[in-house]
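Enquirer: There's a structure below that I have some questions on.
The values are calculated or read from the model by the stated rules, or taken from the named source; none is laboratory data. It should be emphasised that the depicted structure is a prediction, and the values quoted were computed from it without experimental measurement. Here Cβ is always computed from backbone atoms with ideal geometry, including for glycine, and neighbour counts include all displayed protein chains. All accessible areas refer to the heavy atoms of the entire protein, side chains included, with ligands and DNA or RNA removed. Shrake-Rupley method; radii C 1.70, N 1.55, O 1.52, S 1.80 Å.
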Amino acid sequence: MKPTILFLHGFFASGVCVPAQTLKQCFQDQATVLTPDLPLHPAEALASIFRWCEQEKPDVLVGNSNGSFLAQIVAARNNLPALLGNPHFEMTRFLAERIGTHEYKSPRADGNQRLVIDQALIEEFADLQLHQWDNDRPDNHERIWGLFGENDHLAHYEPLFLKHYTHAFHFPGGHTPTEEEVRTYYAPLVAQLLEKRSGDGRL
């Protein structure tokens with residue numbers, strides 16, 4: 001059976017965003033890549049991810065930005081390998097600067113392209129942030145990796161990541177990786193995690 005990768009997109013994105021589609025292309029012969037749309041509200045998104053993990057049994061989680069924030073929580077609790085691309089561990093800060101009505105940057109499966117950021121949503125993320133490290137355990141420190149864009153002007157959380165995890169990598173890009181950056185930097189690290197997953201039951 002092919003291994004399974006679950007990709008979790010960023011806040012304004014969807015399951016058909018460029019990083020998601022590029023990962024599918026990169027692993028089309030080696031793995032099944034799932035790229036669902038994440039619900040807007042964080043508790044609902046987290047519940048969906050746990051449900052997908054229960055149903056699909058992914059071997060590796062891959063995230064970007066808000067998707068990495070959520071992936072860290074799920075991977076730590078479920079003892080899963082994960083690649084966190086430009087994780088945004090303080091989504092409240094991101095959202096507070098963007099209160100109002102917005103459009104998703106890529107099509108959503110339900111056809112709804114509109115979202116609203118308000119104080120209630122920020123408070124939902126604040127509650128989750130308080131508990132995002134609750135499952136930080138030594139046995140997870142080697143299996144959850146971080147990948148940080150050297151020109152990322154939105155999220156600067158490598159120091160915080162390294163307080164909890166061991167492996168931090170870099171690429172010469174911004175917050176949202178391009179197709180070429182996914183192929184050159186994300187995909188090889190995901191392949192390494194899959195290889196370790198299959199070859200070492202401790203990962």
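Enquirer: Tally the DSSP beta bridges in region 1-153 and give the antiparallel ones as a percent, rounded to 5.
Expert: Percentage antiparallel, nearest 5: 20.
Enquirer: Quick one: angle between helix 187-199 and the longest Cα principal axis of the chain, in degrees between 0 and 90, rounded to 10, please.
Expert: 50 degrees
Enquirer: Given (1) 35, 20, 14; (2) 26, 25, 15; (3) 24, 19, 17, which label gives semi-axes √(5λ) of the Cα gyration tensor in Å as computed from the coordinates?
Expert: (3)
Enquirer: Now, a different point. As a test of understanding, state the convex hull volume per residue of region 7-124 from its alpha carbons, in Å³.
Expert: So the per-residue Cα hull volume is 101 Å³.
Enquirer: Given the Cα-Cα distance of R114 and L160 and 0.36 nm per residue of separation, how much length would full extension add, in nm?
Expert: Full extension of this stretch gives 13.4 nm more.
Enquirer: Right, here's the next one. What do you get for the angle between helix 42-56 and the principal long axis of the chain? Use alpha-carbon atoms, 0 to 90 degrees, nearest ten.
Expert: It works out to around 30 degrees.
Enquirer: Determine the calculated [θ] at 222 nm for the chain from helices alone, applying -39500 (n - 2.57) to every DSSP H run no shorter than 4 residues and normalising by the residue count; nearest 500 deg cm²/dmol.
Expert: So the helix-based figure for the chain works out to -10500 deg cm²/dmol.
Enquirer: At what distance in nm do the modelled label points of H102 and E195 sit from each other, each positioned 7 Å from its Cα along Cα→Cβ?
Expert: Once both label points are built, they end up 3.7 nm from each other.
Enquirer: Where does region 99-163 land on the Kirkwood hydrodynamic radius, alpha-carbon pairs, in angstrom?
Expert: 15.3 Å
Enquirer: Find how many whole Å separate the alpha carbon centroid of region 147-203 from the alpha carbon centroid of region 29-61.
Expert: Between the Cα centre of region 29-61 and that of region 147-203, the gap is 18 Å.
Enquirer: Show me 98-105, 23-30 ranked by packing, highest mean number of other Cβ atoms within 10 Å first.
Expert: Listed from highest to lowest mean packing, they are 23-30, 98-105.
Enquirer: How much area per residue is accessible in the chain when the probe is 1.4 Å and only protein heavy atoms are counted (Å²)?
Expert: Ligands and nucleic acids excluded, the figure is 46 Å² per residue.
Enquirer: Any idea what angle helix 119-130 forms with the longest principal axis of the chain, computed on alpha-carbon atoms, 0 to 90 degrees, nearest 10?
Expert: Here the helix axis deviates by roughly 30 degrees.
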